[in-house]
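Okay, structure first, notes after.
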Amino acid sequence: MAEDPKVEELRQANARLRKQFDEFIDQLPDALVESDVRGRRAIYMNRMARLLFGYGDDDLAEGIPGDALFAPGEVERAWPILGRYVDESLGGGPAYARTGRQELYEFRMRKKDGTIFVAETQSSFVLDEQGRPVRMRSIVRDVTARRDMEARLQEMSHRDPLTGCYNRRHLEAQREELERPTARWACLVLDLDNFKAINDTYGHDEGDRVLRGFAHFLARHHRPDDLLVRTGGDEFALVVRAGSEQEAQNVATRLVEAGGLDSPASFSLGVAYRRTGEGLESALARADRTMYAARGRRLREPGGRTSSEPGPDAGSEDEKK
């Protein structure tokens, strides 16, 4: 008995639709990874996924272990998340109920060559006739560049653009850490002497040069774990880890001694060691009250000539106190 021509037409139409669907999936602008839920192996990657991860058809023939796609330590995060969705159904419980949502998760993932990248993933499940999850389809987006840009923007928002020092926003962000009951530190408050006279006499460009030079001086003379902040105008604060008040005083003394040789302008300095339970603002205020004068070397005039007259930073010690 001859086959009904309509059946053959339907078969051919179905084949065309299947081909179009396969081409659509393969040409998606996002990476698509399909995994076996029980075996937890990747069994299919579209074109973008193969480019992203660096695997080919030969790698996928036997499946790629799921943990090979994650950076060390990340699969321990991923499997429990997967388990929350499928374990009950796969363990003989009720059929999987779709939530209508596609949660977004971020993982550090790994390419075939070992390169680590940050990825956003969204997944959905393919169900069998009993409603059990058998495969998982995941869209994977490399967001490393975006995360790096966000980190740079975050860093820039916490930096003073003129001097490169941290700003008050960053200091505020450290408040919780600094105000822990066990935190032991001291704050040094520094003001340039007669800075207004520098601006008035030599101009704001020269004033900016002095500020940058002073910031560089401070950066050269503090430890990597200290916190250097431009708090405003010609005012700076240096928060130093110190186990005792004497250690804090030693840091201040070394800074004053270095200033006499290396600072682009004279400055006044005050220091306060954090008292038990004291807040950041209180310690800064005490340091400000204890400020004392420390002379640096004489300013240079624009053009690099050493002034033959007393510069704006010069003057009697009484004037600087």
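A few remarks follow.
- Relative to the current alpha-carbon distance between T99 and I81, full extension at 0.36 nm per residue lengthens the span by 5.0 nm.
- Environment charge of G83, counting only residues whose C-beta is closer than 13 Å and scoring Lys/Arg +1, Asp/Glu -1: +1
- Sparse-neighbour loop sites [GluC sites (Glu not before Pro); the range 30-82; at most 14 other C-beta within 10 Å; DSSP]: E62
- Distance between modelled label sites at E120 and R289, nm, 7 Å Cα→Cβ extension: 5.1 nm
- Counting only DSSP H runs of at least 4 residues, each contributing -39500 (n - 2.57), and dividing by the residue count of the chain, the helix-based mean residue ellipticity at 222 nm comes to -12500 deg cm²/dmol.
- Cα shape, the range 142-191, gyration tensor, a/c 1.5 rule: oblate
- Listed by Cβ neighbour count within 10 Å, with the fewest neighbours leading, L255, L60, L28 appear as L28, L60, L255.
- Eligible aspartates and glutamates near K19 by straight Cα distance, threshold 16 Å, same-chain separation 8 or greater: E9
- Residue-count net charge about R110 - beta-carbon cut-off 13 Å; Lys, Arg +1, Asp, Glu -1: -1
- Selected from A145, A95, A15 as most flexible by GNM, with the chain as the system and alpha-carbon contacts under 10 Å: A15
- Among (1) 5, 19, 18, 12, 12, 13, 11, 6, 3, 1, 1, 0; (2) 6, 28, 37, 24, 6, 0; (3) 6, 24, 31, 23, 11, 4, 1, 0, the entry derived from the coordinates for P(r) over Cα pairs in 10 Å bins from 0, in percent: (1)
- When you filter the trypsin sites (Lys or Arg not before Pro) in the range 241-281 for DSSP loop state and at most 11 other Cβ atoms inside 10 Å of their Cβ, you are left with R275.
- Helix 280-289 axis versus longest C-alpha principal axis of the chain: approximately 20°, rounded to the nearest ten.
- Summing Lys and Arg as +1 and Asp and Glu as -1 over all other residues whose Cβ lies under 14 Å from the Cβ of A42 gives a net charge of +2.
- Listed by chain and number, the aspartates and glutamates placed with their C-alpha closer than 17 angstrom to that of K111 are D30, E34, D57, D58, D59, D67, E74, E120, D142; residues fewer than eight positions away on the same chain are left out.
Values quoted throughout were computed directly from the atomic coordinates according to the rules given, and no laboratory measurement underlies them. Since the structure is predicted, the reported quantities are computational estimates derived from the model, not experimental observations. Cβ: placed from backbone, ideal geometry, glycine included. Neighbour counts: every protein chain shown.
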